[in-house]
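Data first, discussion second: the structure below is written as structure tokens.
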Amino acid sequence: MFNKMQENLDIVERYLEGNLSEQERTAFEERLLHDEMLRLQVDDMKVIRAGIMLASRNATLQSLKQLENTLPSIETKVISFWSNTWLQAAAVLLIGIVAYVLWPVNSIEQKLFATHFEVYPNVISPTVRGGEANDSTLRAKAFRAYDQKKYEEAIELFLNISEKDEGILFYLGNCYLANGQVEKALPVFEKVLNEYDIFDEQAEWYLAVCFLKMEERERATQALKKVVARNSAYKEKAQTILDKLN
């Protein structure tokens with residue numbers, strides 16, 4: 001039983017770090033659907049990892065405080081401070097450490113997401129100047145909000161449309177992603193890709209973009225390779241990102 005628990009912990013850690021192959025990840029996520037104990041282990045590991053990161057940051061901050069306490073007292077004259085070479089070096093070191101600890105450093109995946117993500121243009125119901133008052137349907141209101149970059153409002157309107165066709169779902173996914181709700185965007189794009197055939201090329205691209213946002217390099221790489229293989233309009237972008245990831 002101990003060996004089984006250890007095996008589970010190993011694969012959970014690899015899953016959270018994005019180090020599983022596509023086949024392993026698919027099999028693992030299938031297990032999650034039916035294994036409550038495994039789901040609890042995943043949740044526990046997420047909490048533990050978050051705690052370790054917080055403890056590490058707190059320890060670094062404590063070290064900074066101790067370093068600050070060891071610095072000799074500084075005269076009030078500014079010129080005397082900067083004339084002391086040791087104090088200059090200590091100040092530069094302290095500033096550098098604080099900047100490293102407290103300033104967020106974007107991963108390569110996040111940088112690539114920021115560079116290449118843009119919402120898909122509204123080609124279904126473009127807003128026409130002077131025509132807003134003539135169309136008050138829920139669908140028209142949703143696309144007007146989308147065109148105005150009011151993504152939270154557009155999400156609510158799209159969700160209230162009773163019959164959601166492929167176009168509604170695709171633009172709903174765009175709204176989620178633009179609004180930072182990548183965990184909701186992902187299944188929507190998967191549905192568009194797997195169950196429809198009008199926006200499937202676009203959905204495949206946005207799936208890859210979702211994985212970049214989630215910093216899941218392995219899944220992003222596999223998705224981008226599929227985009228390249230499809231030879232769609234996104235092929236060049238996908239290859240550029242792959243080159244930078246590898």
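In order along the stretch 208-216, the phi-based Karplus estimate (6.51 cos²θ - 1.76 cosθ + 1.60, θ = phi - 60°) of 3J(HN,Hα) comes to 4, 5, 4, 5, 5, 4, 7, 6, 9 Hz; Gly and Pro are listed as x.
Estimated at 0.36 nm per residue, the fully extended path between Ile198 and Thr115 surpasses their Cα-Cα distance by 27.3 nm. If R0 is 45 Å, the Cβ-Cβ spacing of Leu242 and Ser136 corresponds to a FRET efficiency of close to 0.50. Straight-line cross-link reach from Lys237 at under 15 Å between alpha-carbon atoms covers these aspartates and glutamates, not counting any fewer than eight positions away in the same chain: Glu109, Glu118, Glu201, Glu204.
Lys and Arg at +1, Asp and Glu at -1: add these up for the other residues within a Cβ distance under 11 Å of Cys175 and post the number. After counting each charged neighbour, the total is 0. Each peptide in 175-188, 111-124 was scored by the mean count of other Cβ atoms within 10 Å over its residues; highest first, the order is 175-188, 111-124. Rounded to the nearest whole Hz, the Karplus-based 3J(HN,Hα) values (6.51 cos²θ - 1.76 cosθ + 1.60, θ = phi - 60°) of the stretch 191-204 follow the sequence 5, 4, 5, 8, 10, 9, 9, 8, 9, 5, 5, 5, 4, 5, with x at glycine and proline. Phi angles of the stretch 12-17 translate, via the Karplus equation with coefficients 6.51, -1.76, 1.60 and θ = phi - 60°, into HN-Hα couplings of 5, 5, 5, 5, 5, 8 Hz per residue; Gly and Pro are given as x. Other residues within the sphere of radius under 14 Å centred on the Cβ of Tyr151, judged by their own Cβ, net out at 0 (K and R +1, D and E -1).
Would you mind checking Lys111/Lys235; Lys149/Lys225; Lys191/Lys225; Lys150/Lys235 for any pair whose Cα atoms are more than 24 angstrom apart? Table pairs above 24 Å Cα-Cα are Lys149/Lys225; Lys150/Lys235.
Once the Cβ-Cβ distance of Ala27 and Glu156 is raised to the sixth power relative to R0 = 35 Å, the FRET efficiency obtained is 0.45.
A straight Cα-to-Cα reach below 14 Å connects Lys141 with the aspartates and glutamates Glu132, Glu152, Glu153, Glu156, residues fewer than 8 places away in its own chain not being considered.
The aspartates and glutamates whose alpha-carbon is closer than 18 Å to the alpha-carbon of Lys46, local same-chain residues fewer than 8 away aside, are Glu7, Asp10, Glu13, Glu17, Glu29, Asp35, Glu36, Glu183, Glu215, Glu216.
Each reported figure results from applying straightforward, stated rules to the coordinates on display, with no laboratory input. Bear in mind the structure is a predicted one, so any value in this text is a computation, not a measurement. Neighbour counts are summed over all protein chains in view; Cβ atoms, including those assigned to glycine, are modelled from backbone coordinates with ideal geometry.
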